[in-house]
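Report on the following structure.
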Ligand code: AMP
Ligand code: ZN
């Protein structure tokens, strides 16, 4: 079974072969650090983490690069509206200058990294602030100017989309318009409605450049950082699906026109959205939830990761607390079952491992892989140590933290009894469940039934 991913570029599940195996160059669009990340944003990073862990699990050597968008991001994809970082400075009552902008960016970047850690997401080793690579942006813009792809208007330097015959390939061709350009008031100086800013002038605040003071365009930041650290062509680029019609479409345009090489990226892989109340969760709609709300409800943040893995990354999910609480109960059950397996680690079960590989190689089919994890727990023919080894093996991809449960002091015998009691209760065998509880008490523990399931604690 070959490794396959759904490639937005071809709209097909394709066999994945890197340019330079076993190395994989992998770029993820990072967060805009004008505010706290919401749990919708975090889905994009849980997905990228699962993808990275899967590639590593399968023996690839991954170089993962991620930018931090800390400058040059407009409220509209059509390069109009206010600058999001400037708006954040105004919101926080800070004076408008580059130093304050950087400080604000660093603050929200740290918060973002804390969220990643809570979700067991490996923070990419190569993480870069866009504001540190303005020189590279300027060089790219100059190259595009020299090659005749860029022109100047009164408010910036723009990319001339008419000069690129296959502009818009990622979203299904030129005829598929990007709606954002029909929604917003057009800049009359642009030659074509979809031409986008490579550089925006700003006389009050900004970076020096041969074109004038200002900020790089959002899209050029990702092209410049991607190419600097991964080369002019690389293997994988990820982001949420909203980035397809404009940001990624324009990254392709400016990168391929600057280098003359196609494709800029072999595999474009996009994760679906998290909705809330059947609406897109977004920073601008103010309907977003942060990870801290999950923690405040007493829910383990890993539960959010676990809940996301129950759906394919290409399925839209609708967030609600009942679903998350259900996931919390299921995850606790898995943890309890794991703890009941005892301390010994045996051998990874080959057949299960083959199946697991088959599922994750099929465009990261985590729902099926999770069902397989339950099968391992329930298999009566497997020894506890072998179960443990197999679960830890799967968890290299899932990242649910089974390994860290080692320190738990509740003895396996107690956990086993608690599990039996839960079964008895489910079967409405209350006599047996009471007896089991007494047995648990005699070992120095008690059980509290909470809305999230039974919770064991030490007596006294
Ligand atoms: P931003 O911080 O706005 O630049 O977005 C960071 C990442 O979150 C991007 O990859 C977006 O595509 C993604 N994203 C934004 N909103 C959502 C959402 N509601 N659900 C899933 N992903 C989202
Ligand atoms: Zn990007």
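The values are calculated or read from the model by the stated rules, or taken from the named source; none is laboratory data. Here the structure is a predicted model, which is why all the values come from computation and not from measurement. No Cβ is skipped: glycine too gets one built from the backbone with ideal geometry, and neighbour counts run over all protein chains shown.
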Residues being more than 19 Å from the chain's Cα centre (by Cα) and either under 16 Å from residue 331 (Cβ atoms) or surrounded by 14 or more Cβ atoms within 10 Å (Cβ to Cβ) (or both) - total across segment 379-406 = 18
ask   = Has segment 138-155 got any residue that is under 28 Å from residue 68 (Cβ atoms), modelled with pLDDT under 95 and in contact with a strand residue (DSSP E or B) (Cβ under 7 Å, 6 or more places away or on another chain)?
value = yes
inquiry  = Checking residue 14 against (1) more than 16 Å from ligand 2 (Cβ to nearest atom); (2) at pLDDT below 95, only one condition comes out false. Which one?
reply    = (2)
task = Can you tell me which residue among 66, 74 is surrounded by 15 or more Cβ atoms within 10 Å (Cβ to Cβ), in contact with a helix residue (DSSP H, G or I) (Cβ under 9 Å, 6 or more places away or on another chain) and modelled with pLDDT of 95 or more?
result = 66
message = If residue 428 meets every condition in (1) more than 26 Å from residue 310 (Cα to Cα); (2) touching a residue at least 12 places away in the same chain (Cβ under 8 Å) apart from one, which number is that one?
response = (2)
query = Looking at this structure, is residue 241 within 21 Å of the chain's Cα centre (by Cα), within 15 Å of ligand 2 (Cβ to nearest atom) and surrounded by fewer than 20 Cβ atoms within 10 Å (Cβ to Cβ)?
reply = yes
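For (1) at pLDDT 95 or above; (2) within 13 Å of ligand 2 (Cβ to nearest atom); (3) crowded, with 24+ Cβ neighbours inside 10 Å, each residue gets a yes or a no:
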| residue | (1), (2), (3) |
| --- | --- |
| 219 | yes, yes, yes |
| 223 | yes, yes, yes |
| 237 | yes, yes, yes |
| 250 | yes, yes, yes |
| 255 | yes, yes, yes |
| 263 | yes, no, no |
| 267 | yes, no, no |
| 270 | yes, yes, no |
note = By residue number, the members of segment 272-281 that are over 18 Å from residue 245 (Cβ atoms) and at pLDDT 95 or above are 274, 275
Condition check for residue 83: in the same structural domain as residue 244 (by TED's automatic domain parsing), buried (at least 20 other Cβ atoms within 10 Å of the Cβ), modelled with pLDDT under 95 and over 22 Å from residue 208 (Cβ atoms) = no
task = Only residues that are under 14 Å from residue 456 (Cα atoms) and either modelled with pLDDT of 95 or more or in contact with a helix residue (DSSP H, G or I) (Cβ under 6 Å, 6 or more places away or on another chain) (or both): list them for segment 422-436, please.
result = 436
key: strands (runs of 3 or more DSSP E) within segment 1-119 that include 2 or more residues more than 15 Å from ligand 1 (Cβ to nearest atom) and within 21 Å of residue 314 (Cβ to Cβ)   = 4-7, 12-15
message = Given the condition farther than 30 Å from residue 393 by Cβ, surrounded by fewer than 16 Cβ atoms within 10 Å (Cβ to Cβ) and touching a residue at least 24 places away in the same chain (Cβ under 8 Å), answer yes or no: does some residue in segment 310-319 qualify?
response = yes
